[in-house]
Amino acid sequence: MISDAPVLILGARSDIALAIAHAFAGRGHPLMLALRSPNRLQAIVPDFEIRYGVEVTLHSYSATKLTGQAEFLDNLPQQPQIIVCAVGLMTDQEEAAGDPALAKQVVETNFLGPAVMLEVAAERMAATNEDCAIIGIGSVAGDRGRAKNYVYGAAKAGFAAWLSGLRQKYAATQLHVMTVKPGFVRTQMTAGMNLPGPVTVDPDAVAEDILKGLEKKHHVVYTSVWRWIMTIICAIPEPIFKKLKF
Amino acid sequence: MKQEIWGWGRAPRAVCEVLQPRDKAELVAAVTAGKLIPRGAGRAYGDAALQPERTVSMRHLNRLLAFDPETGALEAEAGLMLSDLLDVFVPRGWFPPVTPGSKFVTLGGMVAADVHGKNHHHAGSFGHHLDWVEVMGSDGKTRIAKPNSRLFKSTVGGMGLTGVVTRVALKLRKIETGWIKQESVVARNLGEAMDALEDGESYDYSVAWIDCLASGDAFGRSIIYLGEHATQADIDYRQTDDPFPKARKMRNIPMDAPNWLLNRTTARLFNAVYYRAGVRGEGERIIDWDKYFYPLDAIGGWNRLYGKRGFAQYQCAIPLEAAEAGLRQVIGEIGRGSEGAFLGVLKRFGPGRGTGISFPIEGYTLALDFPMSSRALDLMDRLDRIVEDHGGRLYLAKDNRMRPNLMKIGYGKGLTEFAKQRDEAFASLQSERLEL
């Protein structure tokens, strides 16, 4: 991907999104950062200008809004050649399972909202006939539902299926669609969770894996050893899996 | 979130409520909630950045705010890591005016400890190179403190007890290359070492590694490292291809070493081998900035070599007129003790700031590591008495065991001045221990 290709990051305030922003900016890409409250990232603008000499613009964006995708894209200062969707919302499993309104919010934030936006963007990007990419951040939680986390997992599974469909739909174009499934990452989202040290990585490592995956045009990227972990987890027969407690 | 944390010496450990604000609103909420201590990279050795009720990590508030490529004036948030600053600015020909022996520290931590480097005899401490610092009190309000203000004088070196440092404005220095012209000199004993440090005054940087376990004629034998930023003319074809070399990749120590690994015998052996290598390598050479300033940073988590028990670093400063007598007694006492002492570092300090509780005073400073044990604690108590008798003081960024009495005597008038600027909501385990 050419280094001055503009990058749009949806859900830019998360720790993983910021790490990805640093990685792209470090390679010279100008950035458009979309998030609910752009003023919270104001300090990023001079920081990236000094650090990397790249331009950063901030844009107001609500992940759960299901209309106005075209206007949002029209109003960007330039059309993105790379879109990274890092939107994510993880709530307490019990609360989400027991409260339909909260479950709806989890599904709309992690799945429906981003999917609708990427659908509109994909059509435009493919039509440019230039090298371009969509990177969607799913989760290993979407690979197999677990009692501890299945509302979030179901939403991420839906998102991954949508991305897989997009990938096939645009296979004949210059648009590359990549799904990223980070395992455990030390972030604000997982703060306070008891994560196993050896298989938990920092957001910077996830960002590096993503950029490497993009260079090689991988389709599905797992971070660190999670491809192997998930291969094993997915291979466990259901009668056994349902009795496991993790 | 409750979490067990510790300083670089890994002793003591404490379960603390750790907050990680990501913007100003979150910081204000954390700072106005009650008792707290700010924490940077956690590189203070002891308990300076531990507060069970609320330890506020500044690591996410780490943005560069403004840079003037004409003058080198830089403004940044206090959580910026020095390693990031170096990555950004060394390739552009700028270097921090003062740097401690590790680059994994934050700007806020450098202000709070008023860090010194190998150029203290010329450049003074970090506080000498600041245009201003911004400090947030427990009322959630920020104040810009300029060098002549009382708040500035007590905040620089004030260990985060006057409020949390939120932004820092400093001046970087111009460098022609990222290489260092290093001259190493062998000193066969303490007298020669001190002479060599006095003679090396004309160099920008000077520091001595000292063997505190050698006795007799070799008492205080040292290798003195003098250094200067190399100019274009100093470097040859091997370096001109890469005038601003990048930092090395770090290797990690994956687990705690057993407690017995570092003891008096291995310390003696290590020091002897290191000294011989220094003798063989005497002379001039060109090395890159990363190796020169941050030799230990190449091994991530080297503190784990001391095992689970952790270690204490003892760093004292003794005024010039009493320095030689004081150092002789301190090193003599260590030699008599049964503790290992690795990595003794001796340095000539220029004049100190003379304000608040900033550590450096004109004279000599000696720093040593001891594996944590009751015998080591006893030895350090004995060293305290020598330091006190010679009008010296200990460095708070290293300390995890000093007693309030030595704090009062060692810091004297500056401490009284500092006390007036205290924000009482700010308290660490260290400040509580030292009754600050």
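The values are calculated or read from the model by the stated rules, or taken from the named source; none is laboratory data. Keep in mind that what you see is a predicted model, and the values were worked out from it rather than measured. Glycine also receives a Cβ, built like all others from the backbone with ideal geometry; neighbour counts cover every protein chain displayed. What goes into the accessible areas is simple: the full protein's heavy atoms, side chains included, and nothing from ligands, DNA or RNA. Shrake-Rupley method; radii C 1.70, N 1.55, O 1.52, S 1.80 Å.
Looking at segment B:162-185, which of the residues that are touching a strand residue (DSSP E or B) at 6+ places or on another chain (Cβ under 6 Å) and within 21 Å of B:G283 (Cβ to Cβ) is surrounded by the fewest Cβ atoms within 10 Å (Cβ to Cβ)?
Of everything passing the filter in segment B:162-185, B:E183 is surrounded by the fewest Cβ atoms within 10 Å (Cβ to Cβ).
Within segment B:186-217, can you find the residues that are surrounded by fewer than 16 Cβ atoms within 10 Å (Cβ to Cβ) and within 23 Å of the chain's Cα centre (by Cα)?
If the condition is that a residue be surrounded by fewer than 16 Cβ atoms within 10 Å (Cβ to Cβ) and within 23 Å of the chain's Cα centre (by Cα), then B:E198, B:E201, B:S202 are the ones that fit.
Scan (1) more than 14 Å from chain B (Cβ to nearest Cβ); (2) out of contact with any Phe, Trp or Tyr (no Cβ under 9 Å at 6 or more places or on another chain); (3) crowded, with 20+ Cβ neighbours inside 10 Å; (4) at pLDDT below 95 for the single condition A:I210 breaks and write down its number.
Of (1) more than 14 Å from chain B (Cβ to nearest Cβ); (2) out of contact with any Phe, Trp or Tyr (no Cβ under 9 Å at 6 or more places or on another chain); (3) crowded, with 20+ Cβ neighbours inside 10 Å; (4) at pLDDT below 95, only one is false for A:I210: (4).
Give B:G163, B:G191 a once-over and let me know the one that is over 28 Å from B:I331 (Cα atoms) and at pLDDT 95 or above. Before the answer, list the steps.
On the way: B:G191 fails: over 28 Å from B:I331 (Cα atoms).
One residue alone meets the criteria, B:G163.
What's the number of the condition A:G153 fails, among (1) open to solvent by 30 Å² or more (accessible area, probe 1.4 Å); (2) closer than 15 Å to A:V87 by Cα; (3) part of a helix (DSSP H, G or I)?
Looking at each condition in turn, A:G153 falls short on (1).
For a quick check of your reading: which helices (runs of 4 or more DSSP H) sit entirely within segment B:80-154 and have at least 2 residues that are within 25 Å of B:H60 (Cβ to Cβ) and in contact (Cβ under 8 Å) with a residue 24 or more places away in the chain? Working first, answer last.
Values: elements: B:82-89, B:107-112, B:120-123.
By residue number, B:82-89, B:107-112.
Listed residues B:G412, B:G352; which is open to solvent by 20 Å² or more (accessible area, probe 1.4 Å), in contact (Cβ under 8 Å) with a residue 60 or more places away in the chain and out of contact with any helix residue (DSSP H, G or I) (no Cβ under 6 Å at 6 or more places or on another chain)? Can you show your working first?
Numbers: B:G412 fails: in contact (Cβ under 8 Å) with a residue 60 or more places away in the chain.
Among B:G412, B:G352, only B:G352 is open to solvent by 20 Å² or more (accessible area, probe 1.4 Å), in contact (Cβ under 8 Å) with a residue 60 or more places away in the chain and out of contact with any helix residue (DSSP H, G or I) (no Cβ under 6 Å at 6 or more places or on another chain).
Strands (runs of 3 or more DSSP E) wholly in segment B:190-298 with at least 3 residues that are over 25 Å from B:G326 (Cα atoms) - which ones? I'd like the intermediate steps shown before the answer.
On the way: elements: B:205-210, B:222-229, B:283-288.
The qualifying strands (runs of 3 or more DSSP E) are B:222-229, B:283-288.
Which one of the conditions (1) open to solvent by 20 Å² or more (accessible area, probe 1.4 Å); (2) closer than 19 Å to B:Q313 by Cβ does B:A73 fail to meet, given that it meets all the rest?
(2)
Starting from segment B:246-273, take each residue that is among the small types (G, A, S) and list its partners that are open to solvent by 50 Å² or more (accessible area, probe 1.4 Å), counting only C-beta distances under 6 angstrom and pairs at least six apart or across chains.
Here the result reads B:A257/B:L305, each pair linking segment B:246-273 to a residue that is open to solvent by 50 Å² or more (accessible area, probe 1.4 Å).
It is to be established whether one or more residues within segment A:184-206 are within 16 Å of the chain's Cα centre (by Cα), of a type in the set (D, E), open to solvent by less than 80 Å² (accessible area, probe 1.4 Å) and away from chain B (no Cβ under 14 Å).
No, every residue in segment A:184-206 fails to be within 16 Å of the chain's Cα centre (by Cα), of a type in the set (D, E), open to solvent by less than 80 Å² (accessible area, probe 1.4 Å) and away from chain B (no Cβ under 14 Å).
The conditions are (1) crowded, with 24+ Cβ neighbours inside 10 Å; (2) in contact with an Asp or Glu (Cβ under 8 Å, 6 or more places away or on another chain); (3) among the hydrophobic types (A, V, I, L, M, F, W, C), and B:L396 fails exactly one of them. Which is it?
Answer for B:L396: the failing condition is (2).
Could you list all residues from segment A:40-57 that are at the interface with another protein chain (Cβ under 7 Å from one of its Cβ atoms), modelled with pLDDT under 95 and open to solvent by 10 Å² or more (accessible area, probe 1.4 Å)? Quick ask: steps written out before the conclusion?
First, the residues of segment A:40-57 that are at the interface with another protein chain (Cβ under 7 Å from one of its Cβ atoms): A:40, A:43-44, A:46-47, A:50-51.
Applying the additional criterion that residues be modelled with pLDDT under 95 yields A:40, A:43-44.
A:R40, A:A43 - these are the residues of segment A:40-57 that are at the interface with another protein chain (Cβ under 7 Å from one of its Cβ atoms), modelled with pLDDT under 95 and open to solvent by 10 Å² or more (accessible area, probe 1.4 Å).
To keep it simple, each residue is scored yes or no on (1) at pLDDT 95 or above; (2) of a type in the set (S, T, Y); (3) under 30 Å from A:E55 (Cβ atoms); (4) open to solvent by less than 30 Å² (accessible area, probe 1.4 Å).
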{"site": "A:E71", "(1), (2), (3), (4)": "yes, no, yes, no"}
{"site": "A:C85", "(1), (2), (3), (4)": "yes, no, yes, yes"}
{"site": "A:T91", "(1), (2), (3), (4)": "no, yes, no, no"}
{"site": "A:A97", "(1), (2), (3), (4)": "no, no, no, no"}
{"site": "A:P100", "(1), (2), (3), (4)": "yes, no, no, no"}
{"site": "A:E108", "(1), (2), (3), (4)": "yes, no, no, no"}
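Give segment A:29-60 a look and list any residue that's among the charged types (D, E, K, R), farther than 16 Å from A:D15 by Cβ and out of contact with any helix residue (DSSP H, G or I) (no Cβ under 8 Å at 6 or more places or on another chain), or say none.
First, the residues of segment A:29-60 that are among the charged types (D, E, K, R): A:36, A:40, A:47, A:49, A:51, A:55.
From what is left, the residues that are farther than 16 Å from A:D15 by Cβ are A:49, A:51, A:55.
Matches in segment A:29-60: A:E49 only.
Given segment B:1-65, what strands (runs of 3 or more DSSP E) lie entirely inside it while holding 1 or more residues that are touching a Ser or Thr at 6+ places or on another chain (Cβ under 8 Å) and either within 14 Å of another protein chain (Cβ to nearest Cβ) or modelled with pLDDT of 95 or more (or both)?
Numbers: elements: B:2-6, B:13-19, B:37-39, B:55-57.
Output list reads B:2-6, B:13-19, B:37-39.
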